[in-house]
Amino acid sequence: MHFVVCAKQIPDPETPPSAFKIDPQKNEVIPAQGIAPVLSQFDSIAAEAALRLKEAAGDSKITVISMGAESAQAAIKQVLAMGADEGLLLNDPAFTKGDPHTTAKVLTAAVQKLGDVDAVFCGRQAADWDWGQTGLLMAEGLGWPSAIIAKGVALDGQQLSVERVLEDGYETAQAPLPAVVTVSNEFGEPRYPKLQQIMQAARKTVTTWTAADLGLDAAEVGEAGSRLRLEKLFIPEKEGKVELMEGDTATEKAQALVKALQGAKVL
Amino acid sequence: MASNALVVGELAEGELNATTLELIGAASRLGASNITVALLGGGASGAASKAFEGGATKVLTSDDASYDEFRGDQWVAAVQNAVEQASPDVILLAQSHVGRELAPRLAFRLDTGAAMDCLNVEDDGGAVKATRSVYGGNAMATYSFVTSPAIVTVRAKAQDPLEPNAGASGETGELPGASDSRTTIAGREIVEAAGLQLQDASIVVSGGRGLGAPEGFQVVEELAKALGADRAAVGASRAACDLGWYPPSQQVGLTGKVVTPDLYIAVAISGASQHMAGCSGAKTIVAINKDPEANIFQFARYGIVGDYKEMVPALTEAIKAAK
Ligand SMILES: Cc1cc2nc3c(=O)[nH]c(=O)nc-3n(C[C@H](O)[C@H](O)[C@H](O)COP(=O)(O)OP(=O)(O)OC[C@H]3O[C@@H](n4cnc5c(N)ncnc54)[C@H](O)[C@@H]3O)c2cc1C
Ligand SMILES: Nc1ncnc2c1ncn2[C@@H]1O[C@H](COP(=O)(O)O)[C@@H](O)[C@H]1O
């Protein structure tokens, strides 16, 4: 089996709100000083899902793909350290400032160029723009079935069985390979690579493909090919006028709160 | 201006759900003169009257019960048929398990773009603009669409329904029955929280990682009980759910449930943007946290700084005493 993990490098979503800044002219997030970008959390869980299938199926290979800047090598190396076999960076100035449509187009072209892929694993959403589209767009582009927001995956021959999280419960969906799966945090914690694996991963080579390698025209990718235009990026105003309850004891504070809530007709 | 809007409606036990009426409201405020609602599954044609009362001008239905269990490939084919009938400039869906899957698939098939999980959608001099929260709620982004139709999924409770127009009616039409699916649903398990549902509660009390142990939720549940089992429900942060302290179905936030109660009480929750994405629509937020610098106090109207182990039981007593 050949599994692909799509891994995106993003600004750390745990950046404290006070350090989160945007450039309103460029409609861009300004990277926070001293906080390194990270592998999007759901993507490390997607990698965990692929690794567990590889271990169960035996004789399988995992390729991790990232579209991004040279720095995205770090995200690729992290998945390699977890146990993926090969890394692929999709890097071209033409790929920047795209939308889910163009991202999926580039990733789909890479999967098609690899040729022998049995399943693609994505995160349920990238924790920067929170779209939750790429996996489904790839499934459409590849013509494969898909199962989104997975909390469990199992393989029975050529049949993939996916436990999915719904708003009010769970379902088990089955689809034939090849297929696309997007993975959610309910799947569980991703494994933590050992030092030796990190050192091995550092030595693994990562192949780079450009738009030309993928047979894509600059006009159909990145900002030029996007279906959505970002008009405005802004930080919403917070009122921030909290009233803290005074009192010497817990009971006094609690009583003050009840009084305040009654006064405001909330209770 | 959007003249034709298509709303992909959803049924709950054969009845039109509340979000569908919110989507019709949004379509109307976009200035759409034709609002077509597509309804799929058992009870669809019976639910049409409620869609008309909610502001739909046309309702397309298929009562095929195969649609009751949502499968993306079956639904997308039916909605494509609705698109052919309605020629929409804008397609509105809920940010539900239906919209999450259909919007990107439709976007691909119609070679256009989809903006997910939007709080607002407006007509700006003839162009549809959609505003959504990004970076886990740290920022907001407004998008326009390069191609037509514009596809937008809307967060529950972000838009108001119209005043119902009793007895209203309109044109009806049919959608095809379900096609074959490549996906089989081998099982489905509904995990309903006992009693009041989170989204229906007028008061939500949520607990976070700061509770320190699953037992902490007993203290939180006591508080909810004192507030009234008929109006207060218990939620949790993702950190608490991931630790297995509370069921994921009760998670509030970006990747959990969106709640808009009159009162939201956050106990031992730091107020990460991804959590606030699920509760910032509450009318009044109260925070109980031992750290006076916690981000939650940026959002809260009232706060108590202190250890929840003392503060929450004291609050439970004070509420009982005030009754
Ligand atoms: C893409 C993405 C999606 C996410 N989606 C969600 C989501 O849907 N919902 C969600 O909740 N999170 C979500 N998160 C996680 C989010 O970023 C935070 O990590 C999470 O909300 C933190 O949970 P918490 O506030 O319970 O824990 P912590 O951040 O650990 O905060 C615990 C708080 O408890 C306080 N405390 C500790 N002890 C006590 C005590 N004895 N008494 C009183 N206070 C005490 C501390 O001061 C602290 O403020 C998401 C993250 C990402 C990246
Ligand atoms: N630039 C990228 N490189 C690799 N994978 C990506 C990229 N963008 C998105 N993905 C994958 O698609 C998932 C969903 O992304 P999104 O649709 O942007 O929310 C992510 O969790 C990744 O698995």
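The values are calculated or read from the model by the stated rules, or taken from the named source; none is laboratory data. Predicted model only: the values in this text are computed from it and were never measured. Cβ sites come from the backbone with ideal geometry, for glycine too, and all protein chains shown count toward neighbours. Calculation scope for accessible area: heavy atoms of the full protein, side chains included, ligands and nucleic acids excluded. Shrake-Rupley method; radii C 1.70, N 1.55, O 1.52, S 1.80 Å.
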Query raised in the report: Just A:199, A:82, A:67 to compare: in a GNM of chain A, with alpha carbon springs under 10 Å, which one fluctuates most?
Result: A:199
Report task. Work out how far the C-alpha atoms of the range B:4-174 reach from end to end along every principal axis, then list the three figures in whole Å, largest first. Result -> 41, 33, 27
Query raised in the report: Check residue B:156: other-chain or 5+ apart residues with amide H under 5 Å from its amide H, H built from backbone geometry?
Result: B:95
Query raised in the report: Ignoring any ligand, DNA or RNA, what whole percent of the accessible area of the range B:4-174 comes from carbon and sulfur when the probe is 1.4 angstrom?
Result: 43
Query raised in the report: Whole number please: convex hull volume per residue of the Cα set in the range B:198-322, in Å³?
Result: 87
Query raised in the report: So what is log10(I(q)/I(0)) for the range A:1-158 at q = 0.14, 0.15 1/Å, when the Debye sum runs over its Cα atoms only?
Result: -0.69, -0.79
Report task. Check each residue of the range B:100-138 and keep those whose accessible area, probe 1.4 Å, is at least 30 Å² smaller with all protein chains in place than in the chain alone; give them in order of residue number. Result -> B:100, B:101, B:104, B:105, B:108, B:111, B:114, B:116, B:132, B:135, B:138
**Report entry** Partners for residue A:204 among lysines (Cα-Cα distance below 27 Å; same-chain residues under 8 apart left out)
**Finding:** A:8, A:54, A:61, A:77, A:105, A:113, A:194
Report task. Could you check how much of the accessible area of the range B:198-322 is carbon and sulfur, as a whole percent, using a 1.4 Å probe? Result -> 48
Query raised in the report: So, counting K/R as plus one and D/E as minus one, what does the shell of residues with Cβ under 14 Å around residue A:123 add up to?
Result: -1
Query raised in the report: What is the packing order of peptides B:46-53, B:243-250, A:73-80, A:15-22, taking the mean over residues of other C-beta atoms within 10 Å and listing the highest first?
Result: A:73-80, B:46-53, B:243-250, A:15-22
**Report entry** Label-point separation, residue A:235 to residue A:59 (7 Å along Cα→Cβ), nm
**Finding:** 5.6
Report summary line: Averaged over the residues of A:25-31, the number of partner chain Cβ atoms within 10 Å of each residue's own Cβ comes to 1
Query raised in the report: Which net charge results when you count Lys and Arg as +1 and Asp and Glu as -1 among the other residues whose beta-carbon is under 14 Å from that of residue A:87?
Result: +1
Query raised in the report: Can you give the FRET efficiency for residue B:87 and residue B:166, using 1/(1 + (r/R0)^6), R0 = 35 Å, r = Cβ-Cβ distance, to the nearest 0.05?
Result: 0.75
Report summary line: For the pair A and B, the solvent-accessible area buried on both sides (1.4 Å probe; DNA, RNA and ligands excluded), in Å² to the nearest hundred, is 6700
Query raised in the report: Convex hull volume of the Cα atoms in chain B, per residue, in Å³?
Result: 142
Report task. Return, for the Cα atoms of the range B:11-95, the radius of gyration and Dmax in Å, separated by a comma. Result -> 12.0, 34
Report task. Go ahead and estimate [θ] at 222 nm for chain B from helices alone: -39,500 (n - 2.57) per DSSP H run with n ≥ 4, summed, over the residue count, rounded to 500. Result -> -8000 deg cm²/dmol
**Report entry** Base-10 log of normalised Debye intensity for chain A (one unit scatterer per alpha-carbon) at q = 0.13, 0.14 Å⁻¹
**Finding:** -0.86, -0.96
Query raised in the report: Excluding ligands, DNA and RNA, what is the solvent-accessible area per residue of the range B:228-323 at a probe of 1.4 Å, expressed in Å²?
Result: 37
Report summary line: Two pseudo-spin positions, 7 Å from Cα along C-beta at residue B:229 and at residue B:80, lie apart in nanometres by 5.0
Report summary line: Of all DSSP beta bridges having both residues in the range B:4-174, the percent classed as antiparallel (nearest 5) is 35
**Report entry** Cα-only radius of gyration and Dmax that characterise the range B:61-154, units Å
**Finding:** 13.8, 42
Report summary line: Partner shielding of A:254-263, taken as the mean number of other chain Cβ atoms within 10 Å, equals 6
Report summary line: Expressed in angstrom and rounded, the centroid-to-centroid distance over alpha carbons for the range A:22-101 and the range B:246-323 is 34
Report summary line: From the Cα centre of the range B:55-115 to that of the range B:1-41, the distance in Å is 11
Query raised in the report: Across every pair of different alpha-carbon atoms, what Kirkwood hydrodynamic radius in Å does the protein assembly as shown reach?
Result: 24.9
Requested in this report: Leaving out ligands and nucleic acids, note down the accessible area per residue over the range B:4-174 with a 1.4 angstrom probe, in whole Å².
Outcome: 33
